[in-house]
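The next block holds one structure in the form of structure tokens; read it before the comments.
The values are calculated or read from the model by the stated rules, or taken from the named source; none is laboratory data. Just so you know, these numbers come straight off a predicted model, no measurement behind them. All Cβ positions, glycine included, derive from the backbone under ideal geometry; neighbour counts span all protein chains shown.
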Amino acid sequence: MTAKDRKFDILMLVAIDETLTSLGESAKQSIYFHIEKKFGVSNSDIPENLEKFQAGLEKIFGVGARFIEILIMKNLYTKIGLPLEMKQDCELEFVKYVATAKQSFLRQ
């Protein structure tokens with residue numbers, strides 16, 4: 001893993017943490033706890049297990065997870081200095097948006 005890869009992962013973790021904090025500190029801690037216990041993904045392991053993290057959010061929040069995923073993506077794209085262009089006619093795919101953000105960040 002390059003230094004730039006690691007920097008992106010840190011920015012992503014900060015974006016996730018800030019987004020979950022906006023729900024309240026106890027809610028954030030509860031989300032992290034359940035994702036770790038039920039899906040085996042600790043906070044620091046989220047970048048390597050993004051699909052499991054997403055599945056955890058969807059199990060916890062159902063369709064409400066989409067709102068949280070959008071907030072995370074907006075926060076992440078702001079942190080890496082890119083505009084978030086969401087297509088209205090396609091299904092939100094959190095993992096793909098993060099992968100696209102990472103590719104763009106690594107090219108900068």
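Being part of a helix (DSSP H, G or I), within 27 Å of Leu106 (Cα to Cα), modelled with pLDDT under 95 and of a type outside the set (Lys, Arg) is a condition met by no residue of the range 18-39. Taking the conditions exactly as written (surrounded by 19 or more Cβ atoms within 10 Å (Cβ to Cβ) and either of a type in the set (A, V, I, L, M, F, W, C) or not in a helix (DSSP H, G or I) (or both)), does Leu76 satisfy them or not? Yes.
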